[in-house]
Each structure stands twice: as C-alpha cells, then as structure tokens.
Amino acid sequence: MSFDLAALSPRLTSLLERVEKAARRSGRSLTDITFLAVVKTVVPPLIREAHRLGVRHFGENRVQEAAVKRPELAGLEDAVWHLIGPLQTNKARKAIDLFDVVQTVDSERLADTLDREAEKAGKSLRCLVEVKTSPEAAKHGLPPEDLERFFEGRTRWPRLRFEGLMTVAPYFEDPSGARPFFARLRELAEERRNVFGDRPVLSMGMSHDFEAAVEEGATLIRVGNALFGDRP
C-alpha cells in the first residue's frame, strides 16, 4: 500500500460528501451514519492521520494484526476499535482486550466463549451478529433462519450487548445489485425490535457499495480502499 498522508484528507472529504448525499436520499443526515475506516494492512501513521482528520471508528479484520499495531497507536484514547473479520474462539480473550466492538458474532459457541472471557476480564462487550444474507459459500455469518433461536438464548450472555446486525453483500459491478441483501438485513433487524430497540446498528456497505447500503438503511459503513488506497 502506498504511504500517502496527503491524499487522505481529500479522499475523506469526498467520501463524506457521498455519504451525506446518500443519507439525504434516504431521508437521513450524515450524523445518522457511522463511518468506520477499515485498516487492514494500513500502517499506523496513516491511521493516526485519519484520526487527526476526525475518524473515530476503526475496523481490523484480524486479531493478530491488531495486536501488533495497537502499541504503536497509543494515545488515540477516543478511538473505537471494531473487529470486522471472523473470530476463532481461541482468540476470544485477546479480542476482548483489543476491541470495543465485535461485529462478527456468528454462533452460540462463540457467544458463550466471549461472554465467559468478558466476565473474566470484568468487562461488557458490544456486539453485532453477522448474518449470511448471501448464498456465496465464502461468506460468513449466521443463517437468517437461525437468528430467532440465537436470540432466544441471549439471557445466558449477560456480558454481551447486542446492538444490531452486520453483513457482507456479494460483489456486483453495479452496486445496486447488492440492495436486496442490504434490505434483507434491515428487515431482519426490524423484526427484532425486542432485542435492539428502535435504532439497531446495521453494519453494511463497503468501499464499492456503501451508497446503496446507506440508501437501504445502513447506520454504519466499512470503508477501506476508498479511503486509504488499494491494498497490495
């Protein structure tokens, strides 16, 4: 990845303008959307510059990469760190140490482990449930038909605060092709107001399709390449 601090400010400005326009088209405003910078393979100086420019939410795909970087990012006290990649149960304790939000809870077994480790650490953990809205085999997440049973067991996870749902839509050359998958996630969240209340977090949309996601109700978008440049 190129190390281009100067490019970050105009890219961020352009992205936020696009988010604001998409939000207006859906009857909302920019303040209704959380902008999360995906920092997979991004070097700490670029992350610090993004923070200086006002970005506060950062997403890592891998626990191991976060563990290496975070000592170099000391001092970003108001940054909110999200795990947005798959989490193995044997890395749950480390994830609790490193992240404020785990967006990829996708099984009762993982929820059991996270709750147990959070109790040991004396913490509560903000969580999203990742839902597999796509038929692609490579996509992760809990099948939609299993959501009801999953949330029926939520009382046994007192340390986990479920705030909403997350999904990764299939890639389409025309981003509007992803709309049905985003709409499906919104519907699934709306059906569970007893869990999330009236304002569930809907984490959906990435660099290629975030405008379509915002128009379909996203409250959090995950943008990496469009902000930092293409990864090697």
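Below, the figures for the structure above:
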{"item": "Any chance ALA213 is of a type in the set (A, V, I, L, M, F, W, C) and assigned to a loop (DSSP other than H, G, I, E, B)", "result": "no"}
{"item": "Filtered residue count, region 190-206, keeping only those that are in contact with a Gly (Cβ under 6 Å, 6 or more places away or on another chain) and farther than 16 Å from ALA23 by Cβ", "result": "2"}
{"item": "Unique match (being surrounded by fewer than 18 Cβ atoms within 10 Å (Cβ to Cβ), out of contact with any Gly (no Cβ under 8 Å at 6 or more places or on another chain) and modelled with pLDDT of 95 or more) among GLU173, GLU215", "result": "GLU173"}
{"item": "Pair list, Cβ < 9 Å and 6+ apart or interchain, from region 204-230 residues that are within 15 Å of ARG11 (Cα to Cα) to residues that are of a type in the set (D, E, K, R) and modelled with pLDDT under 95", "result": "GLY224/ARG231; ASN225/ARG231; PHE228/ASP4; GLY229/ASP4"}
{"item": "Residue in region 76-86 that is without any contact (Cβ under 8 Å) to a residue 12 or more places away in the chain and either in a loop (DSSP other than H, G, I, E, B) or of a type outside the set (Phe, Trp, Tyr) (or both) present", "result": "yes"}
{"item": "Test: LEU87 is hydrophobic (A, V, I, L, M, F, W, C) and within 29 Å of PRO143 (Cα to Cα)", "result": "yes"}
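The rows are residues; the columns are (1) assigned to a helix (DSSP H, G or I); (2) basic (Lys, Arg); (3) at pLDDT below 95; (4) crowded, with 16+ Cβ neighbours inside 10 Å.
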{"residue": "ILE96", "(1), (2), (3), (4)": "yes, no, no, yes"}
{"residue": "VAL102", "(1), (2), (3), (4)": "no, no, no, yes"}
{"residue": "CYS127", "(1), (2), (3), (4)": "no, no, no, yes"}
{"residue": "LYS139", "(1), (2), (3), (4)": "no, yes, yes, yes"}
{"residue": "ALA178", "(1), (2), (3), (4)": "yes, no, no, yes"}
{"residue": "PHE181", "(1), (2), (3), (4)": "yes, no, no, yes"}
{"residue": "VAL195", "(1), (2), (3), (4)": "yes, no, yes, yes"}
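The values are calculated or read from the model by the stated rules, or taken from the named source; none is laboratory data. Note that this is a predicted model, so its numbers are computed, not measured. In this analysis, Cβ positions are derived from the backbone assuming ideal geometry, glycine residues included, and neighbour counts consider all displayed protein chains.
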